[in-house]
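Following: one structure in C-alpha cells, then a few remarks.
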Amino acid sequence: MFDNPSNVLGRLYLPCVLVVGLGVIVLLCTLLGGDQIAVSLTEMLIRLIVVVGLYMFVGNSGILSFGHIAFMGIGAYAAAWATCDPDWKSMMLTGLPLILQEHQYPFLVAVVFACLLAAAVALVFGLIILRLSGIAASISTFAFLVVINSITANWDTVTGGTSSVVNIPTVVGPWTAFVFAAIAILAAALLQTSSIGLMLRASRDDEVAAKASGIGITQLRLIAFVLSALFVGLAGALYAQFLGILTADIFYITLTFVAVTMLVVGGVGSLTGAVVGVVVITAVTETLRAGEAGFHLGSLALALPRGTQEIGLGVIMALVLIFRPSGLTGSREVPLPSGARRAGAAVLAVNAEKPRSVGPR
Amino acid sequence: MIGFLQNLLDALSLGSLYALAALGIGLLFGILRLVNFAHGDFITLGAYALIVPSSADIATLLIGGWTWVALVPAVVVIVVVVALVSDALIFRPLRTGSAPTLMTASFALSFIIQNGILMIYGARPKAINLWSGLSDQVQIGPLTTPKLDLVVIGVTILLMLLLTFFLKRTRYGIQMRAAAENFRMARHLGVDANFVIGLAFAISGGLAATVSLLFVSQTGTLTQTMGQPIALFAFIATVVGGMGSLVGAVVGGFAVGIIVVMLQAYLPPDLRSFRDAFAFGLIILVLVARPSGLIPTRGLAERV
C-alpha cells in the first residue's frame, strides 16, 4: 500500500492521532470505571471496527451500504464455529464440515478464519453487484442483508437457527478490542491515502470524470468492498467472543441502523468522522441507557421510559442530517499541526518549481 | 391445475398488498428521490391507531370498534397527519439533500416511530379482531378463498383506478406527474413544490393506512415491526418495477407477490424456510440484469 515511501510519516500522522486519542479514552475508562463500563467500552471498540470497516467502502466509494452487518454476522458465526466446544458442536451443529465440528481452534485462528470467510463472501457478492451504482447498489446491499439473515435464521444444522449458539469462549476485553481497533484505523488510513483510495475518491466525487481519466471503478470498488468486509468480519469474530452467545437477529436492521447512524453523524467522508461518530453516539446512548435504568435527583427517583435510547438516537440522527449534512466533523480529517503544514507547503512549492521534462501530462 | 389457480389467487391477494405499499413508496421516490424506509412504520401506525393507547397486554378497541364508514377515514386521517408531520419536520429541511441522505433520514424516522410505538403500547404482540366476518370462505367455481382476499384485490383495483384518474385527469395530479418527470422544470413553470410534495406524502400515508387495515384484518396481531416485512417486499417491488415508475411499482408488487407465493408452494420442503433468501436473491439478479428496473423511467437516467 505504500506507494510513496517519502510520505509515509505524513500518512501515519492521522491514524496515530486517532489511536492515541482512543487509547486515552480506553485508559481513563478502564482505570476509573467498573465492570459495566468495561463491557460498554469493549462493545464500543468492536462497533468502532465495524464502522471503520464500513467507512473503508462507503467513505471511499460513496456508495451507502446497508449490507455490511451481514458480514459481521458471517464473521461472528465463523468464530463461533471455530471456537465452540466440539462435543456441543457435534450434537447441535451437525451440518458443519467435520474439520470445524471435531476441533476447537485458538482465538487468533478463529479471527483469521472469520476475516477470510467474510472477505470471500464479499468477493463473490461484490463481483455480482458492484457494477451497479448509486441507489441500485445500496438497495442490493440491503437485499443481501435480508438474504444472509434469512439463511442464518433458518439453517438449523449450521447456525442453530432460531435457537442460539451458546458457550462461545468469551476472551475479548477492552484491550484486545483496542488493539484490533487500532489495526483497523491504521488500515483505513493507509487505504484512503493509497493510490487505490485516491482513485476511488475521485470516482466518488465525479464518476464520469474518473472513468474518462481511465480509472477502473468496478475493480477498485471491489478491492475496497472486500477489505471493508474483512474488517467488519473481524469485528463480528470479536463480538461473538465478547458476547458468548449468538442469534441471527443481532445482525439485522437495528445494528445496521446503529452503524450507519454512527458513520453519518460523525461524517461519512472522513476516517476522523467514523471514529468521532462511534465515540459520540456511544456516549449519548450510554447516558440515555443510564437514564432508562433510573437516576436520583435529590430525593426523587426518576427513570426515562423504555425506548428513549432508540428514539434519542433517531432524533440525533435527524438533527445532524438537517443541521450538519456532512457530519459533526464536516467530513474533514484531523488537521496536521501548523508547522508540518507549512513544511508540506514548502515541499510542494519546491516540487512545483522542478522542471518536468518527461511523463504524460 | 386447480392447485395452481388457488396459488395464483393467493399470489394476487398478497401481490395487491405489496402493490399498494409499493405505490406509496414509489410516489415519494418519483418526486423526491426519497427511498422511504419509514413506510412500513406508517403501516404499523395505522394498525395501532385502532386500539386504546396503553401498554396493557390485552388490546381494547377504540377506533377499531367503530363501523367501517367512520373507521376507515379516521385511520387514514391519522396516518396522513403523521406522514405530513414527518415531511414538515424531517424531509422539508432536507429538500436539497442527496438520495443517500434522504434514505438515512427515513431510516431515522422509522426508528423513531417504531420505538415511539414500543414506548406507548409496550413490547408484547397484541391480538385484535377486526372485521372477522371477512375470513369466511367463499366458493368460486372449484376455488375456495376467504372473502378477505377478494376484498383486498377489489380495494387495490379501486384505489389504482382512483389514483390513475387523479394523476391523469386532475390539475394537481398532472402537476405531480410533471414534478416526478423533472422537478426543477416543474417548479420553474409554477408548480408549488411543497404543496405537491405534501400531497404525495398524504397519498402515500393514505395508501399505508389502507394496507394496515387490510393486513391487520388478515393477521389479527399487532407488533411494532408488523409493517416492516410488507414494506421490505414493497420496497423491493418498486426497485424491480423501476424506481419512480408507478406502473412499475404495481407490476413489481404483483411480481414479488407471485414470486413469494410460488416459492412457498413449489420449493422443496427442506428449502421452504429459506423462501426470503431465494426471493431477495432473485431480486438482486433482476437488478443486476436491469439496473433501472423492469419499466425504467426516462427522467431518472443519469446525465453527465
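The values are calculated or read from the model by the stated rules, or taken from the named source; none is laboratory data. Not measured: the values here are computed from a predicted model. Note that each Cβ is placed from the backbone with ideal geometry, even for glycine, and that neighbours are counted across all protein chains shown.
Candidates in the range B:243-289 are the residues that are touching a residue at least 24 places away in the same chain (Cβ under 8 Å) and not in a helix (DSSP H, G or I); of these, the one that is nearest to A:Thr152 (Cα to Cα) is B:Met243. Here B:Ile78 fulfils each of the conditions (1) part of a helix (DSSP H, G or I); (2) more than 19 Å from B:Met160 (Cα to Cα); (3) within 14 Å of chain A (Cβ to nearest Cβ) apart from (3).
When the criteria are applied in full, B:Ile258 fails the requirement of being more than 19 Å from B:Pro229 (Cβ to Cβ), more than 13 Å from chain A (Cβ to nearest Cβ) and out of contact with any Pro (no Cβ under 8 Å at 6 or more places or on another chain).
Residues checked against (1) of a type in the set (A, V, I, L, M); (2) modelled with pLDDT of 90 or more:
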{"site": "A:Lys89", "(1), (2)": "no, no"}
{"site": "A:Ala110", "(1), (2)": "yes, yes"}
{"site": "A:Leu117", "(1), (2)": "yes, yes"}
{"site": "A:Val124", "(1), (2)": "yes, yes"}
{"site": "A:Arg131", "(1), (2)": "no, no"}
{"site": "A:Ser164", "(1), (2)": "no, no"}
{"site": "A:Trp175", "(1), (2)": "no, yes"}
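Counting only helices (runs of 4 or more DSSP H) that sit completely within the range A:82-199, those holding 2 or more residues that are more than 14 Å from chain B (Cβ to nearest Cβ) correspond to A:86-92, A:98-101, A:107-129, A:174-193. Just one of the listed residues (A:Leu319, A:Leu300, A:Leu263) is within 11 Å of chain B (Cβ to nearest Cβ) and more than 29 Å from A:Ser164 (Cβ to Cβ), and it is A:Leu319. On inspection, A:Pro106 does not qualify as more than 21 Å from the chain's Cα centre (by Cα) and at pLDDT below 90. Scanning the range A:248-305 for residues that are surrounded by fewer than 18 Cβ atoms within 10 Å (Cβ to Cβ), aliphatic (A, V, I, L, M) and more than 21 Å from A:Ala318 (Cα to Cα) yields a count of 7.
Of all the listed residues (A:Thr256, A:Thr261), the sole one being in contact (Cβ under 8 Å) with a residue 40 or more places away in the chain, outside any loop (DSSP other than H, G, I, E, B) and farther than 17 Å from A:Ser331 by Cβ is A:Thr256.
The set of residues in the range B:83-117 that are farther than 14 Å from B:Leu45 by Cα, in a helix (DSSP H, G or I) and of a type in the set (S, T, N, Q) comprises B:Thr101, B:Thr104, B:Ser106. What number of residues within the range A:70-92 satisfy the criterion of being within 17 Å of A:Gln241 (Cβ to Cβ) and either crowded, with 17+ Cβ neighbours inside 10 Å or under 29 Å from the mean Cα position of the chain (by Cα) (or both)? Residues meeting the conditions: 16.
Once the range B:96-127 is narrowed to residues that are more than 7 Å from every other protein chain (Cβ to nearest Cβ) and free of Cβ contacts under 8 Å to residues at least 40 places away in the same chain, the residue that is surrounded by the most Cβ atoms within 10 Å (Cβ to Cβ) is B:Ser98. Being in a loop (DSSP other than H, G, I, E, B) and more than 18 Å from B:Ser204 (Cβ to Cβ) is the requirement here; does B:Leu71 meet it? No; evaluated as a whole, the condition is false for this residue.
Results for (1) surrounded by fewer than 24 Cβ atoms within 10 Å (Cβ to Cβ); (2) within 12 Å of the chain's Cα centre (by Cα); (3) assigned to a loop (DSSP other than H, G, I, E, B); (4) of a type in the set (S, T, N, Q), shown as yes or no for each residue.
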residue: A:Thr218; (1), (2), (3), (4): yes, no, no, yes
residue: A:Ile223; (1), (2), (3), (4): yes, no, no, no
residue: A:Ser228; (1), (2), (3), (4): no, yes, no, yes
residue: A:Gly233; (1), (2), (3), (4): no, yes, no, no
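Here A:Leu22 clears all of (1) surrounded by 15 or more Cβ atoms within 10 Å (Cβ to Cβ); (2) more than 30 Å from A:Ala224 (Cα to Cα); (3) not hydroxyl-bearing (Ser, Thr, Tyr) except the condition numbered (2). Within the range B:175-194, the residues that satisfy the criterion of being without any contact (Cβ under 8 Å) to a residue 12 or more places away in the chain, part of a helix (DSSP H, G or I) and farther than 19 Å from B:Phe165 by Cβ are B:Arg184, B:Met185, B:Ala186, B:Arg187, B:His188. Selection of the range A:235-258 for residues being in contact with a helix residue (DSSP H, G or I) (Cβ under 8 Å, 6 or more places away or on another chain) and small (Gly, Ala, Ser) yields A:Ala235, A:Gly236, A:Ala237, A:Ala240, A:Ala248.
The numbered conditions (1) closer than 28 Å to A:Phe142 by Cα; (2) out of contact with any Pro (no Cβ under 8 Å at 6 or more places or on another chain); (3) polar (S, T, N, Q) are all true for B:Thr144 except (1). Is it true that B:Leu150 is under 23 Å from B:Leu207 (Cα atoms), within 12 Å of another protein chain (Cβ to nearest Cβ) and part of a helix (DSSP H, G or I)? No, not satisfied.
The set of residues in the range A:200-245 that are of a type in the set (A, V, I, L, M) and closer than 17 Å to A:Ile49 by Cβ comprises A:Ala224, A:Val226, A:Leu227, A:Ala229, A:Leu230, A:Val232, A:Leu234, A:Ala235, A:Ala237, A:Leu238, A:Ala240, A:Leu243. Applying the condition of being β-branched (Val, Ile, Thr) and under 15 Å from B:Val240 (Cα atoms) to the range A:116-139 and asking which residue is surrounded by the fewest Cβ atoms within 10 Å (Cβ to Cβ) yields A:Ile135.
Among the conditions (1) crowded, with 21+ Cβ neighbours inside 10 Å; (2) assigned to a helix (DSSP H, G or I), the only one that B:Gly293 does not satisfy is (2). Among the residues of the range B:155-163, not a single one is hydroxyl-bearing (Ser, Thr, Tyr), part of a helix (DSSP H, G or I), within 14 Å of chain A (Cβ to nearest Cβ) and under 24 Å from B:Val286 (Cβ atoms).
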